[in-house]
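The values are calculated or read from the model by the stated rules, or taken from the named source; none is laboratory data. Keep in mind that this is a model prediction, so the values were computed, not measured. With ideal geometry, Cβ positions are generated from the backbone for all residues, glycine too; neighbour counts draw on all protein chains shown. Accessible surface areas use protein heavy atoms only, side chains included; no ligands, DNA or RNA. Shrake-Rupley method; radii C 1.70, N 1.55, O 1.52, S 1.80 Å.
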Amino acid sequence: MSCGLLSLGATFLEASAACRVLVPSWHVVCLPFSCERASSPPRCGKLYEDENEPCVYHPGPPEFHEGHKGWKCCKPRVLTFDEFLNIPPCTTGKHSDVDDTPAPEPAPSAEAPPQPVPASTAAAEPIRLPTRQAQPPPPAQSPKPEEDESDDPELPIQAGQECKRRGCNATYDPSKGREGEQCVHHPGAAIFHEGSKGWTCCKRRVLEFDEFMKIEGCKTKDQHLFVGQKKDESKEDIVESVRTDFYQTPSQVIAALFLKKINKDASTIAFSSATTVSLDLRTQDNKRYKTDMPLFAPIDTEKSTYKVMGTKLELTLEKADGTSWAVLRADDPHTGEIIQTGRAGRVEGPKKN
């Protein structure tokens, strides 16, 4: 049995709530976070009669940290919000009309006294000396994917196909014409910053993920986008930039460039000079990232190495002069810190006669 409210344009969660009144009392709405029988909303919402019917869902809450998105109950982490919604559920259980999702762990108190650090440990850690007030980092955003403006009339649309625009959640009903469609959606990207959640295209911010999923769209188009335009498989998708991260030791810098499915045989990685790494990265899904990356300080090109992984390229850069790197790329903005590696020097007072 399905709820008729879904075909009338009601949101998924509104229809699920209304079904408690419209259907017999022996139907119950299932509450786990995500289920293969549902689309993008974070709850199952399936009407069921058999309590032993399998329910596939995420038992843990969502996690968003430094641009990465995933569920606390399983390992996959992705960068875009659309990829996050497509992470397959990890647990099979039984339907329930009780939301048993564990509450988020309380944040540690900011007033807790600092723990004493042993002298041997303190001496081995890098010492950071502030030089000027650093600019706060921008909030982590989901990269905004390019979006087609309309559906290709030659592509078939399956019944029940969901609109591709973020925040819309409308589904295709072949029994109805497409004239008069109104697609209310978010044209911007999802943004998560210091616990608040929202969209770059509008001002509203909320704290709970369920509330974020219910933020109404802020822009309207005349038709939904169910299938988009037919893709040219022979055309390369040029990637303008990738996310990078690095850490360092007194003799090396270990850098990561995050790009999925790199084709090792078709890509080129070269330490072309002491201050430049030349990259021509091609992926298995026809993407290409090409750049000459200027480095913060010179490296030993003979001793430097790289490793291609499933989600990133890892560079091990051998320092040529032992300099502490403030940033990875020479054209990156500085953070306002000086990082010292090794043991700090001691300043002795005047000697007594």
**OP:** Would you tell me the accessible area of residue 221, worked out with a 1.4 angstrom probe on the heavy atoms of the protein chains, in Å² to the nearest 10?
**Re:** 40 Å²
Original post:
What order do 213, 293 take when sorted by accessible area (1.4 Å probe), most exposed first?
Top reply: 213, 293
**OP:** Arrange the residues 225, 79, 207 by how much accessible surface each exposes, largest first, with a 1.4 angstrom probe.
**Re:** 207, 79, 225
Original post:
Once you sort the root eigenvalues of the Cα gyration tensor of region 191-276 as a ≥ b ≥ c, which label holds: rounded (a/c under 1.5), prolate (a/b larger than b/c) or oblate (the other case)?
Top reply: oblate
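Over 29 Å between Cα atoms: which of 221/312; 214/235; 290/319; 176/231 fall into that group?
Exceeds cut-off: 221/312; 214/235.
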**OP:** Can you check what the net charge comes to around residue 180, using other residues whose Cβ is under 15 Å from the Cβ of residue 180 (Lys, Arg +1; Asp, Glu -1)?
**Re:** -1
Original post:
To the nearest 10 square angstrom, how much accessible area does residue 246 have with a 1.4 angstrom probe?
Top reply: 60 Å²
Subject >> Protein-only accessible surface order, largest first, of 202, 163, 218 at 1.4 Å >> reply: 218, 202, 163
Original post:
How would you order 273-283, 302-312 from highest to lowest mean count of nearby Cβ atoms within 10 Å?
Top reply: 273-283, 302-312
